[in-house]
1. Sort out which residues of the range 10-44 are under 30 Å from T90 (Cβ atoms), assigned to a helix (DSSP H, G or I) and in contact with an Asp or Glu (Cβ under 8 Å, 6 or more places away or on another chain), and write them in order of number.
2. Determine if the range 25-48 includes at least one residue that is within 21 Å of R126 (Cα to Cα) and of a type in the set (G, A, S).
3. Can you give me the number of residues within the range 23-36 that are in contact (Cβ under 8 Å) with a residue 12 or more places away in the chain and surrounded by 14 or more Cβ atoms within 10 Å (Cβ to Cβ)?
4. Please specify each residue of the range 37-61 satisfying the condition of being free of Cβ contacts under 8 Å to residues at least 12 places away in the same chain and of a type outside the set (S, T, Y).
Amino acid sequence: MTKNIPEWALRKALPEDRLVVRDAQSRGTMQIKLPDLKALRSWAKRQGWPTPWLSFAEAFLVKMLDGEASFELAIRESGIEIHIPRQEHTISAERLGELDGLYDERSTEGRPIGWRSLVEELREIRRAVEAGVVMKVEGGQTFQTWEGFYSWAHGRYHMLEDGCDPWIGSDD
């Protein structure tokens, strides 16, 4: 799974999202919230689905993704929740102002004090882009690749690269 996809970049999968879920699973960008495994196993057994003692969750996912009907049934009735990346997200003018404020914030000595926080916020945007979310900046550009993100972030917050130890391109 892509590391730490922010919650605002995810949405709950709907019964008609089977192919999108399969794609997200293959890219490692889906998150699963299983109900109580005993209850899920009981539900699966009532449906005639495999319920092995070992690797039950994996067997459940295989059966669930096997066809439209089984996926829809599982999403509607089993209690499983699957979260997948949103198709797109807009960074509002208000949010952009908050990010700019972190960039501009200075101590009484004139040193930047919000840059580490800004780097963490930019890392979240980067992780969303890496998960496949198209990012739209209100009143500005749209980007959907790491390179597009970096071009935007570096163009807007160019001093970060030289003036802040943590970097937006790493998760250290």
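No value in this document is a laboratory result; all are computed from the given coordinates. Remember, it's a predicted structure, so these values are computed and weren't measured experimentally. Cβ sites come from the backbone with ideal geometry, for glycine too, and all protein chains shown count toward neighbours.
1. R18 - this is the single residue of the range 10-44 that is under 30 Å from T90 (Cβ atoms), assigned to a helix (DSSP H, G or I) and in contact with an Asp or Glu (Cβ under 8 Å, 6 or more places away or on another chain).
2. Step one: list which residues in the range 25-48 are within 21 Å of R126 (Cα to Cα), which gives 25-31.
With the extra rule that they be of a type in the set (G, A, S), the set shrinks to 26, 28.
Yes.
3. Going through the range 23-36 one residue at a time, the tally reaches 8.
4. K38, K45, R46, G48, P52, W53, L54, E58, A59
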